[in-house]
Each structure stands twice: as C-alpha cells, then as structure tokens.
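To start, the structure under review is shown below, and the notes come after it.
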C-alpha cells in the first residue's frame, strides 16, 4: 500500500486540494469546545486536515506513510506539526497520551486485523475522557460492490486499493467496546460515517 500512496502523491501532489474536509472542521470545533489541546491525526497526509485544529491553537501530531506527503506538509506548515513517518499498522510511535484522535478516510483501507489493532492503538493513546473521531466509507457509496471481492464487504478497487465498506452493524461490532457514543452520516466526496468514541 505504501508504494501506491507514494506514487499517488508524486503524480498528483495535493490531490484533494488544500481545503480541509467538513469532518475535520466539525471535529476541530467539537474538540475546541471540550478545550482539548493535544490531537493525534493518523493518516495526516499533506496536512490539509490539520489546519482547523492548528487554527484553534491545538498541538497536532500526525502519522503518515508517504514521505512525499510529509514533505508537502512541511512545505505548508513548517515544523508546527510533528509527523511520524510510518504506517498506522505500526502504532504507537510515541508514548504520549492525546486528548483526541481524528482519522479521516483511513480505517476502511485496512483489513480486519489491522482495523482492530488501529482502533485499540488509538484508544490506548487517549487520555481518560478523550474522544476518537473516525470517518469511514459507507455501503451507500456508488463504488460498493465494485472490483474484486476480497472478503465480506471488502473489495480491491482503483488499481490495487482495498476498501472495506461499513454499515451500522459493522461499526457496532468494531467500535462498541471502545466507547462508541454516536454515528453520523456525512457527505464529502463519498458518503461517510463519522464515528465518535469516548474513553
């Protein structure tokens, strides 16, 4: 998967533009209202989703698999973001506790074991009372059911990207033991669930 994203970032640079996602803006607002300061963003990419948190005075730490994306993040944000270079499947990268975790459109790229470990690792790095917000693609996406079936609700698409498509049952199964408090439907470029958990 690393090679795919390196090539994607090389060929398209800031492939999603510089504006943060709606879910990043909503999450930053929610975290600010709770007076959170330390935010972990696994899959930070080139940093566009860090901007709403930084603008509210929060300290952002990221994790990113693509070295090219990290270079772009440094170009845009300098040293204002600490970014660990590596895969979220190799978490944790530090022994810090964070007030909140925000992860956009990443978890559905992982297989079942990786998803379970990722959720557990994020939860383990939360302060008591902290929140985890994940966005995950839903079965309402037009691409659901397309490509090569790998396992239940998981398909190989887009020339090698493996996508797991969530419904509310699979969210309950994976997140319930980690303090699941709310599931919202959000439309970005795809229909997503915004999954909120509290420790």
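What follows is calculated from the coordinates using simple rules that are stated; it is not laboratory data. Note that the structure is predicted; figures quoted are calculated from it, not measured. In this analysis, Cβ positions are derived from the backbone assuming ideal geometry, glycine residues included, and neighbour counts consider all displayed protein chains.
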Alpha carbon convex hull of the stretch 2-198, projected area averaged over orientations, nm²: 10.1
Using alpha-carbon pairs under 8 Å, 6+ residues apart, how would you state the relative contact order of the stretch 2-198 in percent? 18
Over the chain, what is the percentage of antiparallel beta bridges among all DSSP beta bridges, to the nearest 5? 50
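Which peptide among 191-197, 84-90 comes first, and what is the full order, when sorted by highest mean count of other Cβ atoms within 10 Å?
Numbers: 191-197: 21.1, 84-90: 16.3.
Highest to lowest by the protection proxy: 191-197, 84-90.
Just order 64-76, 154-166, 41-53 by mean Cβ neighbour count inside 10 Å, highest at the front, would you? Numbers along the way, then the final one.
Numbers: 64-76: 18.7, 154-166: 17.0, 41-53: 24.5.
In descending order of packing, they fall as 41-53, 64-76, 154-166.
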Rg/Rg_ref, the stretch 132-199, where Rg_ref = 2.2 N^0.38 Å and atoms are Cα: 1.14
Kindly state, as a whole number, the per residue volume in cubic angstrom of the convex hull around the alpha carbon atoms of the stretch 60-158. 127
Roughly how many whole Å is it from the C-alpha centroid of the stretch 161-182 to that of the stretch 30-75? 23
Determine the calculated [θ] at 222 nm for the chain from helices alone, applying -39500 (n - 2.57) to every DSSP H run no shorter than 4 residues and normalising by the residue count; nearest 500 deg cm²/dmol. -9000 deg cm²/dmol
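Between residue 143 and residue 32, what length in nm is gained on full extension when 0.36 nm per residue of separation is reduced by their alpha carbon distance? Don't jump to the answer; show the numbers that get you there.
Numbers: separation 111, 0.36 × 111 = 39.96 nm, distance 3.45 nm.
Full extension from residue 143 to residue 32 adds 36.5 nm.
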Using r as the Cβ-Cβ distance of residue 182 and residue 79, and R0 as 45 Å, what FRET efficiency do you calculate, to the nearest 0.05? 0.85
Hey, could you get me the Stokes-Einstein D for the stretch 115-165, Kirkwood radius over alpha-carbon pairs, 4 °C and 1.567 mPa s, rounded to whole µm² s⁻¹? 101
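Starting from the Cα coordinates of the stretch 32-87, work out the convex hull volume and express it per residue in Å³.
Details: hull volume 3.6 nm³, N = 56.
It is 64 Å³ per residue.
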